[in-house]
Amino acid sequence: MVAAGIAVVHGPVSEHETRARRCAVRRYGSCLTLGMIDDARVLVADDDPLLLATVADALTHLGANVTSAASGAELIERMAHEGPFDLVVTDISMPWMNGLQAMQAARTAGVGTSVIFMTALADERIPSQVRALGENALLLRKPFDLSQLGAAASELLARKRTTAVSPTPP
């Protein structure tokens with residue numbers, strides 16, 4: 001994942017490509033302003049260290065305060081000990097506990113944090129599993145670009161803020 005129009009890829013990359021990705025994330029992040037992301041507390045989880053760092057860097061450059069987790073189990077641990085978070089961005093496919101299982105466990109515990117799921121899996125059950133977690137859950141299919149990630153994060157954070165200030169009917 002590098003910048004708008006350039007896809008997120010999963011797998012081994014050269015050192016040159018890694019440097020290019022980080023540079024592009026910085027350039028893209030500095031020129032995009034999404035007010036809904038400013039100062040949001042975001043937890044990013046992925047077992048691929050490069051993708052984890054890239055997504056975390058991109059969201060940081062969009063103004064978020066980012067915490068990282070390298071597994072589904074660490075995602076749950078960070079939510080329990082460092083939460084609440086405004087948004088979780090998680091890969092689905094991770095060892096031991098995948099992102100869907102981690103967020104289903106969080107929902108069972110009463111945590112309604114907004115979540116973006118990232119996946120390259122072609123499993124046709126995934127969209128319905130994401131929808132089952134509610135309207136504050138979105139799916140991003142890999143490859144995706146930073147503008148899609150930023151738009152999804154902004155949309156979920158806007159929904160959360162609108163819900164928080166909406167008056168409740170008598």
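With a simple spin-label model that places each label point 7 Å from the Cα along the Cα-to-Cβ direction, the separation between Glu155 and Leu139 comes to 1.3 nm. At full extension, Ala80 and Ala132 could sit 16.5 nm farther apart than now, given 0.36 nm per residue minus the alpha carbon distance. Amide H to amide H distances under 5 Å link Ile116 with Val88, Val89, Thr90, Leu138, where only residues 5 or more positions off or on other chains count and H is placed in the peptide plane. Karplus-based coupling profile of the stretch 91-97, in residue order and whole Hz: 6, 7, 8, 9, x, 6, 9, with θ = phi - 60° in 6.51 cos²θ - 1.76 cosθ + 1.60 and x standing for Gly or Pro. Using 1/(1 + (r/R0)^6) with R0 = 35 angstrom and r between the beta carbons of Ala73 and Ser147, what's the FRET efficiency to the nearest 0.05? According to the calculation, E is roughly 0.65.
Values in this text are rule-based calculations from the coordinates and carry no lab data. Remember, it's a predicted structure, so these values are computed and weren't measured experimentally. Neighbour counts run over all protein chains shown; Cβ positions are idealised from the backbone, glycine included.
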